[in-house]
Amino acid sequence: MATNDSDFNRVDWLQVYQFTIPMQPNTRYRLSFAANSTYGHDVIVKLIKHVGGTPYAPDFRPNLTTSWQTFSTEFISTGTAMNDARLMFWFVGVDAKAGEEYYIDSIILEKVI
């Protein structure tokens, strides 16, 4: 993903997401992925209710660099049934610059047994 908008610093929201992810309540999950960005600026990862934005897990802000790294976080999902989770990579509030490119690969969200 590239942020080629010359006025990028004024963008109110920019995100990449997958939705309708089924999850079980009160369950331990692990999210892992590989990522980098051309200037080393971060991304915020959210797992929320697709419509309404209710958080299903704490936000995760990995410290991206210009080199590929693998990131992982574990969390316990909230106590409500959820068939509508949205895994979202959020690019607002992370000091991204015009022309910055983000690379994200090998995304895995799995239940920890």
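Here is how the numbers come out for the structure above:
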| item | result |
| --- | --- |
| Cross-link reach list, lysines versus residue 97, counting only Cα pairs under 23 Å and skipping chain neighbours closer than eight places | 46 |
| Amide H partners (placed H, <5 Å) of residue 78, local residues excluded | 26 |
| Residue-wise HN-Hα coupling along the range 41-54, computed from phi with Karplus coefficients 6.51, -1.76, 1.60 (Hz; x: Gly, Pro) | 7, 7, 9, 10, 9, 10, 10, 9, 5, 4, 9, x, x, 4 |
| Where the Cα pairs of the range 28-93 fall when distances are cut into 10 Å bins, in % | 20, 49, 25, 5 |
| Gain upon complete extension [residue 108, residue 38; 0.36 nm per residue less C-alpha separation] | 22.9 nm |
| Fewest-first sequence of 76, 113 by Cβ atoms within 10 Å of each Cβ | 113, 76 |
| Relative contact order computed over the range 41-85 (Cα-Cα under 8 Å; 6+ residues apart), in percent | 41 |
| The chain, relative contact order [Cα under 8 Å, separation at least 6], % | 46 |
| Centroid-to-centroid separation of the range 13-37 and the range 63-113 [C-alpha atoms, Å] | 6 |
| Diffusion constant of the chain at 25 °C, which comes from Stokes-Einstein with the Kirkwood Cα-pair radius and 0.890 mPa s, µm²/s | 168 |
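Only the coordinates and a few stated rules stand behind these numbers; no lab work does. Remember, it's a predicted structure, so these values are computed and weren't measured experimentally. Please note: Cβ atoms are built from the backbone with ideal geometry, for glycine as well, and neighbour counts cover all protein chains shown.
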